[in-house]
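Participant: One structure, pasted below without further comment.
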Ligand SMILES: [Fe+2]
Ligand SMILES: [Fe+2]
């Protein structure tokens, strides 16, 4: 918050930073400013380091060569991922409606959507060139996706702009994890070591379908990153509301569209058979790392922070309130 003081004649008036109660308007202004910068950084990086095309940049000859080595489980996983990614239109549409009057979030929604659209195409091409599905089968599958409409309203806590952001932060991390795990499966089924070989490193891309999962995974972790930054900014200026929203979203978290995708049973069976995503693994590889990225040690610290935030005196801002790793707030005023 700044104010002007009258300067002696002949001198410029200088803005002074004054300590005062943080109003809702001041918090919102600070959030908007910080988040705009997060988006600008994200966009710049996306343009410079993550430009690729699923029609032009995937090693399809290698997909064809090694496709028959993929197991049925892996193929069913990829088909399910295709279904989930193909709901991109619904994901973007609802977001655009929600953020209609927020220019930065509208821009983020559009940019995020333009990146997400590539993922469904990448899985379609992977299934096709691996010889796992025909063009006709893929067309029929994508047509079926459109029979249902996905809405975020079915997801716990995701009924506000902040809730949607917290949901996206977790979902993107989970998606990244699932794709990394699938990439590892593909490498092993191809007969490759877990880490890229010398040859792959030198040429700058992995073999066949493993490369598709690598490149899409890079997008997903970048998506997690931008939503994490936005949540962190909210946590700084609106700790009580943000922690409360996080609690609701974490408690009822489910991946999007699972019940809507065509052949859902095949996908769910493949998830169980491969053990790729279980409740324990979600906690270990998604939930706990998300908490750590938010600056909290573990669930205990998180629950402590949720309760402690309710007792914070009103009118204090980030210059006077700091959230510690154990979930306690340190006040300085
Ligand atoms: Fe995606
Ligand atoms: Fe994503």
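The values are calculated or read from the model by the stated rules, or taken from the named source; none is laboratory data. Since we're looking at a predicted model, the values are computed, not measured. Because the Cβ atoms are built from the backbone with ideal geometry, glycine has one as well, and the counts that use them run over all protein chains shown.
Participant: Mind telling me which of the residues 106, 183 ends up being away from ligand 1 (no atom under 15 Å from the Cβ) and either over 22 Å from residue 248 (Cβ atoms) or surrounded by fewer than 20 Cβ atoms within 10 Å (Cβ to Cβ) (or both)?
Facilitator: Working: 183 fails: away from ligand 1 (no atom under 15 Å from the Cβ).
Every option except 106 fails the conditions.
Participant: Still on this structure, I have one more. Just one of 27, 69 is over 24 Å from the mean Cα position of the chain (by Cα) and either farther than 30 Å from residue 125 by Cα or at pLDDT below 95 (or both); which is it? It would help to see each step written out before you state the result.
Facilitator: Values: 69 fails: either farther than 30 Å from residue 125 by Cα or at pLDDT below 95 (or both).
One residue alone meets the criteria, 27.
Participant: Then there's this: Is at least one residue of region 149-156 within 30 Å of residue 100 (Cβ to Cβ), within 16 Å of ligand 2 (Cβ to nearest atom) and part of a loop (DSSP other than H, G, I, E, B)? Give the steps one after another, and end with the answer.
Facilitator: Looking only at region 149-156, we keep the residues that are within 30 Å of residue 100 (Cβ to Cβ), and these are 149-156.
Then drop every residue that is not within 16 Å of ligand 2 (Cβ to nearest atom), which leaves 150, 152, 155.
From the residues that got through so far, the ones that are part of a loop (DSSP other than H, G, I, E, B) too are 150, 155.
Among the residues of region 149-156, at least one is within 30 Å of residue 100 (Cβ to Cβ), within 16 Å of ligand 2 (Cβ to nearest atom) and part of a loop (DSSP other than H, G, I, E, B), which makes the answer yes.
Participant: A further question on this structure: When you scan region 110-124, how many residues do you find that are away from ligand 1 (no atom under 11 Å from the Cβ) and touching a helix residue (DSSP H, G or I) at 6+ places or on another chain (Cβ under 7 Å)?
Facilitator: Total satisfying the criteria: 2.
Participant: Further question: Check residue 270 against each of (1) modelled with pLDDT of 95 or more; (2) within 21 Å of residue 229 (Cα to Cα) and name the one condition it does not meet.
Facilitator: Result: residue 270 passes all but (2).
Participant: Scan region 196-216 and tell me whether some residue there is within 21 Å of residue 288 (Cβ to Cβ), within 16 Å of ligand 1 (Cβ to nearest atom) and in contact with a helix residue (DSSP H, G or I) (Cβ under 7 Å, 6 or more places away or on another chain). Please lay out each step first, then the result.
Facilitator: Taking region 196-216 as the starting set, the residues that turn out to be within 21 Å of residue 288 (Cβ to Cβ) are none.
No - not one qualifying residue is present in region 196-216.
Participant: In addition: How about region 143-180: which of its residues are over 23 Å from the mean Cα position of the chain (by Cα) and within 16 Å of ligand 1 (Cβ to nearest atom)?
Facilitator: Result: no residue meets the conditions.
Participant: Related question: Residues that are crowded, with 20+ Cβ neighbours inside 10 Å: list the helices (runs of 4 or more DSSP H) wholly contained in region 215-333 that include at least 1 such residues. Spell out the reasoning first.
Facilitator: On the way: elements: 239-251, 264-274, 279-282, 288-293, 299-310.
Output list reads 239-251, 264-274, 288-293, 299-310.
Participant: Residue 58: assigned to a helix (DSSP H, G or I) and under 24 Å from residue 215 (Cα atoms), yes or no?
Facilitator: Working: assigned to a helix (DSSP H, G or I): no; under 24 Å from residue 215 (Cα atoms): yes.
So residue 58 fails the test.
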